[in-house]
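The values are calculated or read from the model by the stated rules, or taken from the named source; none is laboratory data. Computed from a prediction, not measured in an experiment: that's the story for all the values here. Positions of Cβ are generated from backbone atoms using ideal geometry, with glycine treated the same way; all protein chains shown enter the neighbour counts. These area figures cover heavy atoms from the full protein model, side chains too; ligands, DNA and RNA do not enter into them. Shrake-Rupley method; radii C 1.70, N 1.55, O 1.52, S 1.80 Å.
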Amino acid sequence: MDRDKVKVVHDGQSNLALVEKLREVRNYIKEDVPEWQQLIIVGGFVIDVIKELKWNEQPKFSKRNLKCDEKPVMSCDEICEGVTSAVNHYLSVPYADEFNAAWEDWYFDDTGKYANVETIWDMYDVINEKLEQKYPKILELEKKYFYSDIEED
């Protein structure tokens with residue numbers, strides 16, 4: 001075997017972009033903000049770190065055959081969505097009864113209060129407005145830290 005190929009430290013381990021992102025952690029730590037804001041900020045950091053992993057170089061894995069295949073176990077987008085979902089769920093749990101009652105009222109048209117809300121996306125806007133009342137500027141923070149790389153139409 002060629003001695004140049006028998007190494008414990010090799011170029012395949014290199015990911016300078018990831019290391020640089022990890023070094024930026026102090027830019028995300030904000031001790032003077034409420035815990036809910038800190039969760040969003042740190043969640044955004046985790047998402048940024050995940051995006052720096054070498055996704056194109058990962059082997060594809062099949063759960064069915066338990067061997068490499070065409071589809072990764074999870075994609076970068078799925079993992080990032082998992083982070084945002086977990087933080088949003090945690091922040092919404094104290095208000096779950098209120099949010100769920102509004103959603104059910106709209107879905108079943110119980111009271112007619114949401115009769116002018118036509119689509120599911122419109123109802124998400126209603127829920128987001130309620131969330132903004134609980135956590136002022138939450139949507140702005142999430143856009144900055146969770147979805148900074150998504151361009152608006």
Residues that are part of a loop (DSSP other than H, G, I, E, B) and of a type outside the set (Phe, Trp, Tyr), drawn from the range 102-114: Asp109, Asp110, Thr111, Gly112, Lys113
Contacts under 7 angstrom Cβ, first residue in the range 34-50 being over 14 Å from His89 (Cα atoms), partner open to solvent by 40 Å² or more (accessible area, probe 1.4 Å), 6 or more apart: Gln38/Lys30; Ile41/Lys30; Phe45/Val25; Val49/Leu22; Ile50/Ile79
Criterion (at pLDDT 90 or above, assigned to a helix (DSSP H, G or I) and closer than 30 Å to Val25 by Cβ) met by exactly one of Leu91, Leu39: Leu91
Of all residues making up the range 95-153, the number that are farther than 26 Å from Ile79 by Cβ and aliphatic (A, V, I, L, M): 6
Every residue from the range 99-126 that is among the charged types (D, E, K, R) and closer than 25 Å to Tyr147 by Cβ: Glu118, Asp122, Asp125
Any pair with Cβ under 8 angstrom, 6 or more apart, that starts in the range 117-139 at a residue that is in contact (Cβ under 8 Å) with a residue 12 or more places away in the chain and ends at one that is part of a loop (DSSP other than H, G, I, E, B): Met123/Tyr114; Met123/Val117; Val126/Tyr114; Val126/Val117
Filter result (exposed (fewer than 12 other Cβ atoms within 10 Å of the Cβ) and assigned to a loop (DSSP other than H, G, I, E, B)) within the range 115-135: Ala115, Asn116, Glu118, Thr119
Residue count, the range 136-153 (criterion: among the β-branched types (Val, Ile, Thr) and not in a helix (DSSP H, G or I)): 1
Pair list, Cβ < 8 Å and 6+ apart or interchain, from the range 1-17 residues that are under 29 Å from Asp48 (Cβ atoms) and at pLDDT 70 or above to residues that are open to solvent by less than 100 Å² (accessible area, probe 1.4 Å) and not in a helix (DSSP H, G or I): Asn15/Glu52; Asn15/Leu53; Asn15/Lys54; Ala17/Glu52
Only one of Asn128, Asn100 that is of a type in the set (S, T, N, Q), modelled with pLDDT of 90 or more and under 19 Å from the mean Cα position of the chain (by Cα): Asn128
